Amino acid sequence: MPPVRPAPMRQPAHHRVRWVASPPHGAWPQRRKPVAERYSGPPSYPVPPRWGFPNLVWRRPTAVPGTASGEVTAGERLRVITRSLLPVLWTFAALAVAASASEIWRYVLLVQSRDSALSTSVVSVSDSFVITTGLLTTILSLLPSGLTVWWLLVARRAAADASGEVPPRRQWQVLVFTLVPVVNLIMVLPIVAELEHAVLRRTRETRPKPSRLVLIWWGVWMLNWLLLGLVIVWRFRDGVQALADGVVLVALTDLAAAGLGLVTALLVKRMSGLLAPVAEKRLRLLRVLKVDGAPDPDRRERPASSLR
């Protein structure tokens, strides 16, 4: 008879036990509930207190970081300059056209003097017209030139603030490239193209590409300076024919100056409209009275038990 072996005993399953320790009752002091104090009247002080609000009218904070500041921004300053610059440019263009017309009238009188004598009064009026319009155009040309350079500097600052990037050139470089003769013939184009690039919110990785308006402005700018230099050189020539040709060159120069003023006004108006904020006085409050042709909004059916 084979020996009987005892059956193997099963080992108890291992259960996960999580020990949680908690402080015994009364280990931590309990918070006392605050006792409501009885009202004993308004506070009294033995001497007048030194603290309190200043004796001033309420005003908008300007010194606290993150609040609205009273400092004039570049965009607001640009709007003010543009408002003053555009009428000056239109006036200069009108005077330049008048100066060109006076030079053309003088040339017509020179042609008529070849075959017949001229009236003294007509010649005097023509000379007065030429001198007056010429002086006014020359003197007034300084005002739009200075305002345009100022507008260019402020517009670069406003474009940099709007895009959050640093201008590619410093201010002294812009002044040198726009005011120094001969240098400004070439370098003024990339400066205006960079300004337009920043105004249109284009990235710095892309190369500035001037628009058609900027190219037209640069062409009129080149033509104006070339005619002005030719007039200065032509003044050193002698002879009746040289004087007559000089009158024609001056008339063409005045027309080019008028065209430059007109194109500059268009360029300034376009860029300022993209940069300068809209004045609050120009905004009108509108109210919606009715909507025609709009689809019905999606609404759930109201239950029968609803009170409303």
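The values are calculated or read from the model by the stated rules, or taken from the named source; none is laboratory data. Keep in mind that this is a model prediction, so the values were computed, not measured. We place every Cβ from the backbone using ideal geometry, glycine too, and count neighbours over all the protein chains shown. Areas reflect the complete protein model, heavy atoms only, side chains present, ligands, DNA and RNA absent. Shrake-Rupley method; radii C 1.70, N 1.55, O 1.52, S 1.80 Å.
With respect to the conditions (1) in a helix (DSSP H, G or I); (2) without any contact (Cβ under 8 Å) to a residue 12 or more places away in the chain, L118 falls short on a single one, namely (1). Among residues of segment 144-157 that are charged (D, E, K, R), those with a beta-carbon under 7 Å from a residue that is outside any helix (DSSP H, G or I) at least six positions away or on a different chain give the pairs R156/P167. Counted as qualifying within segment 163-259 are the helices (runs of 4 or more DSSP H) with 2 or more residues that are of a type in the set (D, E, K, R) and within 30 Å of the chain's Cα centre (by Cα), namely 183-199. Among the conditions (1) part of a helix (DSSP H, G or I); (2) open to solvent by less than 60 Å² (accessible area, probe 1.4 Å); (3) closer than 30 Å to L274 by Cα, the only one that L143 does not satisfy is (2). Scanning segment 147-158 finds no residues that are aliphatic (A, V, I, L, M) and open to solvent by 50 Å² or more (accessible area, probe 1.4 Å).
Scanning segment 165-183 for residues that are touching a residue at least 12 places away in the same chain (Cβ under 8 Å) and within 22 Å of V199 (Cα to Cα) yields E165, P167, P168, R169, Q171, V174, L175, F177, T178. Between L286, L215, L260, L228, the distinction of being crowded, with 17+ Cβ neighbours inside 10 Å and more than 20 Å from A158 (Cα to Cα) belongs to L260 only.
Is there a residue in segment 118-133 that is within 23 Å of R201 (Cβ to Cβ), open to solvent by 60 Å² or more (accessible area, probe 1.4 Å) and at pLDDT 85 or above? No, segment 118-133 contains no residue that is within 23 Å of R201 (Cβ to Cβ), open to solvent by 60 Å² or more (accessible area, probe 1.4 Å) and at pLDDT 85 or above. Any residue in segment 195-212 that is open to solvent by less than 90 Å² (accessible area, probe 1.4 Å), more than 17 Å from L260 (Cα to Cα) and among the acidic types (D, E)? Among the residues of segment 195-212, at least one is open to solvent by less than 90 Å² (accessible area, probe 1.4 Å), more than 17 Å from L260 (Cα to Cα) and among the acidic types (D, E), which makes the answer yes.
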